[in-house]
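Written below as structure tokens is the structure these notes are about.
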Amino acid sequence: MEEIKKYYDDYLDSRLDELWEIAKYVHSNPELGYKEEKACQIQCEFLRENGFKVEENLGGLPTAYKAVYQYKPGDLTLAVVSEYDALPEIGHACGHNLICASALGTAIETKKYMEEQKIPGTLVVMGTPAEESGGGKIKLLEQNAWDGIDAILFMHPTSDTTRLAGECMSSTSIQIEFKGQSAHAASHPAKGINALNAANLYFVATGLLRQHVKSDLRLSGIIEDGGKTTSLIPDYVSVKGSLSCFKSSDLEEYTEKVRKCAEGAAIATGCEVDIQFIPGYLGRIPNKTLSEVCRKELNSIDEPVMEGMPFDYGGEDLGNVSRVIPICNPYVTIFPDYKISNHTEQFRDLANSPAGRRCIQVSSKTMARTAMELFRNPNTVVKAKKELSERMNNE
């Protein structure tokens with residue numbers, strides 16, 4: 001089997017220049033979430049040319065797509081996930097150009113294996129827009145676009161040593177409006193109800209709250225509108241914040257604590273308050289069963305891998321999907337020297353460098369090899385689904 005995998009790895013190498021050209025094209029044409037027209041088009045054209053049946057406008061999203069290949073029906077449907085949105089102003093500083101090119105590489109290598117080895121089953125490429133802002137995967141989940149998929153393969157570029165992703169954060173956004181009564185600050189302060197005082201009390205209260213929560217809580221906030229002039233008591237103040245932690249059950253508990261802080265600040269100052277919690281992304285549910293298959297394949301191609309499945313303090317919309325379908329989520333390095341930050345100019349430039357090209361090569365081979373193993377042993381996915389169910393019971 002290893003010789004067979006090497007044969008298809010060689011095929012991937014023969015197509016690497018094409019994949020790299022696509023990655024560079026996407027990098028040089030950065031598009032924000034739900035506007036990734038060029039990135040979507042070039043992927044759909046490539047997949048059609050390589051024998052996939054492509055459905056565009058998936059789930060009613062103009063830049064989402066689903067590409068399907070099936071040698072013949074089988075017990076297993078695997079999805080390789082593509083992302084391709086950029087960040088405002090800074091472009092592809094999260095390396096999504098590498099994600100989409102790696103998804104294409106995985107697809108053509110796995111398809112050639114299935115076709116030539118007469119492997120039953122279904123291979124899907126899911127094109128998912130707006131990961132950075134908008135949650136395209138969640139919208140596709142709401143539209144039942146993931147139905148029928150048994151397991152997911154998804155890579156993300158990183159720095160330091162390549163790893164298999166563990167947990168990440170669940171999050172919610174906070175929007176609070178304190179409403180008071182304006183009055184002249186010097187001549188009639190007693191007639192005023194100070195909304196800025198309420199905001200200040202809110203920040204004091206949430207600051208004191210930190211002693212009574214778990215250490216993974218991340219709570220931040222800014223005052224967006226804090227008054228118009230120093231001569232008037234502020235009658236309106238808006239606060240914007242974010243709240244995140246690992247477990248979704250903890251997030252629900254912390255949300256209520258933060259709500260009480262805002263309500264208490266309003267009562268203490270005589271203000272009215274309007275509080276909104278806007279759901280963000282739910283934390284990733286790692287799957288050790290699938291990840292260990294992937295780890296063996298990374299080892300087979302001599303890619304150094306961190307031990308275990310390290311957690312991280314970020315978030316991604318794949319987290320919501322990982323609670324329904326088991327995922328294999330390798331993070332492949334483009335800068336092995338030490339840890340650097342995504343969403344920076346340095347990371348953006350690395351995503352368009354020889355290190356980025358190598359990342360596509362390693363990611364495509366690893367995920368294709370993992371797919372080969374799963375198609376050969378569908379029972380592994382059965383075990384992965386059982387693991388997911390057990391993990392969700394502990395959420």
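From the alpha carbon centroid of the stretch 166-187 to that of the stretch 201-261 is 7 Å. Taking R0 as 25 Å, what's the FRET efficiency between Ile4 and Lys385 from their Cβ-Cβ distance, rounded to 0.05? So the FRET efficiency works out to roughly 0.40. For the pair Lys240 and Asn144, label points projected 7 Å from Cα toward Cβ lie 3.7 nm apart.
Relative to the longest principal axis of the Cα atoms of the chain, the long axis of helix 248-269 lies at roughly 20 degrees.
Quick one: check the C-alpha center-to-center distance for the stretch 316-374 versus the stretch 86-147, whole angstrom. Measuring centre to centre over Cα atoms gives 12 Å.
For Glu224, what is the net charge nearby, where nearby means another residue's Cβ is under 11 Å from its Cβ and Lys, Arg count +1, Asp, Glu -1?
Values: positive: Lys240; negative: Glu177, Asp225.
Surrounding charge for Glu224 is -1.
For the chain, a Gaussian network of Cα nodes joined below 10 Å ranks Thr230, Thr128, Thr110 by mean-square fluctuation, and the top entry is Thr230.
Rank by packing, highest mean first: peptides 135-142, 261-268, 11-18, with packing defined as the count of other Cβ atoms within 10 Å averaged across residues. Walk me through the intermediate numbers first.
Numbers: 135-142: 21.6, 261-268: 18.9, 11-18: 14.8.
The most tightly packed comes first, giving 135-142, 261-268, 11-18.
Dimensions of the stretch 66-124 based on its C-alpha atoms, expressed as ranges along the principal axes with the largest first, amount to 46, 17, 12 Å. Using Cα atoms only, what is the angle between the long axis of helix 96-117 and the major principal axis of the chain, expressed in degrees (0 to 90) to the nearest 10? Its long axis makes an angle of about 30 degrees.
How much FRET efficiency would the formula 1/(1 + (r/R0)^6) give for Lys38 and Lys214, where r is the Cβ-Cβ distance and R0 is 30 Å, rounded to 0.05?
Values: r = 43 Å, r/R0 = 1.45.
Computed FRET efficiency for Lys38 and Lys214 comes out at 0.10.
Could you work out how far helix 37-49 tilts from the main Cα principal axis of the chain, as a 0 to 90 degree angle to the nearest 10? In the chain, helix 37-49 runs at an angle near 20 degrees to the longest axis. For the listed peptides 90-99, 179-188, a ranking on the average number of other beta carbons within 10 Å per residue, highest first, reads 90-99, 179-188.
Taking the solvent-accessible surface of protein heavy atoms with a 1.4 Å probe, what is the per residue accessible area of the chain in Å²? Before the final figure, lay out the partial values.
On the way: 17060 Å² over 395 residues.
Solvent-accessible surface per residue comes out at 43 Å².
Once the piece of chain linking Asp160 and Ile90 is laid out straight, how much longer is it, given 0.36 nm per residue of separation minus the C-alpha distance between them? Display every interim value, and only then the final one.
Numbers: separation 70, 0.36 × 70 = 25.20 nm, distance 2.18 nm.
Full extension of this stretch gives 23.0 nm more.
Counting other C-beta atoms within 10 Å, and keeping those with at most 12, which DSSP coil chymotrypsin sites (Phe, Trp or Tyr not before Pro) do you find in the stretch 296-391? Mind dumping the intermediate values first?
On the way: sites: Phe311, Tyr313, Tyr331, Tyr338, Phe347, Phe375; in loops: Phe311, Tyr313, Tyr338.
When the chymotrypsin sites (Phe, Trp or Tyr not before Pro) of the stretch 296-391 are filtered for loop state and at most 12 Cβ neighbours within 10 Å, Tyr313, Tyr338 remain.
The values are calculated or read from the model by the stated rules, or taken from the named source; none is laboratory data. This one's a predicted model, so the numbers in the text were calculated from it and none came from an experiment. Using ideal geometry, Cβ is built from the backbone for each residue, glycine included, and neighbour counts are taken over all protein chains shown. What goes into the accessible areas is simple: the full protein's heavy atoms, side chains included, and nothing from ligands, DNA or RNA. Shrake-Rupley method; radii C 1.70, N 1.55, O 1.52, S 1.80 Å.
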